[in-house]
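The values are calculated or read from the model by the stated rules, or taken from the named source; none is laboratory data. Remember, predicted model here, so these are calculated numbers, not experimental data. Cβ: placed from backbone, ideal geometry, glycine included. Neighbour counts: every protein chain shown. Remember, those area values only see protein heavy atoms, side chains included, never the ligands or the DNA or RNA. Shrake-Rupley method; radii C 1.70, N 1.55, O 1.52, S 1.80 Å.
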Amino acid sequence: MADEIAKTPETNEAELTGATTRRRPKPDIMEISGRKLKPATLMMGHGYDPALSEGSLKPPIFLTSTFAFESAAAGKRHFEGVTGIRPGGSEGLIYSRFNGPNQEIAEDRLAVWEDADDALLFSSGMSAIATTLLALVQPGDVIVHSAPLYAATEGLIGRILGKFGVQWMDFPAGATEEDIGAVVKAAQAKGRVAMIYLESPANPTNVLVDVEAVVARRDFLFAGEAHQPPIVIDNTFLGPLWHKPLAHGADLVVYSLTKYAGGHSDLVAGGALGKQKLVDAIRMMRNTIGTILDPHSAWMLLRSLETLELRMSRAGENAAKVCAWLRDQPQVEKIVYLGFPSDARQQDIYDRHCTGAGSTFSLYLKGGEAESFAFLDALKIAKLAVSLGGTETLASHPAAMTHLSVPAERKKALDIGDNMVRISIGCEDADDLIADFAQALQAVG
Ligand code: PLP
């Protein structure tokens, strides 16, 4: 806690947490002659005025823990704003656990991709998710979620929030509207449904969630009620280019920005964006527990966002070529890739929600662990590492790595077999990648 926020009997919780809202001038041009500028254009300058930084074309990195007030009265005014004594949020920057210029510029740019009211940056994807859950969930509440979720998210909801009396219920990612409705209704009988939390596509099954169906059921089941559970979705695998859940009725999107948004496998970051009221509640929690991203990583993220569309488009095109080639190879049992939807329902969800199939997929080889390891060890271009969404192609073995501790039955249910290899395609030349996979498949037999 900043020294200047000393806890006195008069200070209430809002004063200690502080709902900062960006109040610095936005000098941007967002449209020209009635034409709304596209995210790819806005990524080069939105939210930054060089005149505020000695004309520096690019934002400097603001390495400071605190900000000097122009006068005592200004400091008081900022605190009145940050504590909610005066509505409208803080007019200026106060302390770097609350925010800073690099984070604010990157937050403004991130929000552009999904037309979000506002965005927040975090020190990792997990800290974005944890801060969101802490802000929106109370003891006794029920979280309804799609399954499976990223393993750490499942652990956070089931094991950690469970310690504080939070309950959960889940439905399979590909569930029908009726089945989703039945689970939400059963959850209503258990307690206050704090939120409906989704991950689409599910990791590592690549099954898409019908966000529109979830929204329809939520609106139906909670019609006229004071509390409408927000729909929160982890959009790490397809966003923000190929899937924009806010446009389909979700209220909040969370991200591991470590993946496609960061895009170079050189930073760890998270994001939350969406409706202002939710973002403000999460910001208050972030201010309290200090899960904000550091200025240097925020600056790196700014640079990454400039090339986001180029990188993701190229990776997506590469993956389409590689998957079309891989699926015909004799050593390959099957490929689970969004470009080859598994059934009519998945095809329908894909057609309504997605503008691209992404570049992360699962390759099932004929054989087991020995064949998978032989393939992975023979790769020359693709690197053997977990994670995804970087400029370089990565390959890993979920059963022996990311999902090693998952019980055998659950692995079976999720189709995480010993013959499964997870691949994230990067921005290399697609034919070079095919040559690499071709020679590695020879090692399989
Ligand atoms: N959500 C998904 C879908 C992920 O794949 C990951 C990480 O792999 C996370 C969240 C957590 O992100 P981070 O590693 O940035 O904390």
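Details
- Per-peptide average of other Cβ atoms within 10 Å, ordering 37-45, 418-426 highest first: 418-426, 37-45
- Rolling a 1.4 angstrom probe over the chain with all protein chains present gives an accessible area of which 57% lies on carbon and sulfur atoms.
- Cut-off of 10 Å, at most 12 other beta carbons, DSSP loop: longest stretch of the chain lacking such GluC sites (Glu not before Pro): 226-445
- Accessible surface computed residue by residue for the chain, with neighbouring protein chains in place and a 1.4 Å probe, gives 42 Å² per residue.
- Hz values of 3J(HN,Hα) by residue in segment 123-135 - Karplus curve (6.51, -1.76, 1.60), Gly and Pro given as x: 6, 6, x, 5, 6, 5, 5, 5, 5, 4, 5, 4, 6
- Modelled spin-label separation between H264 and S53, with each label point placed 7 Å from Cα along the Cα-to-Cβ direction: 1.5 nm.
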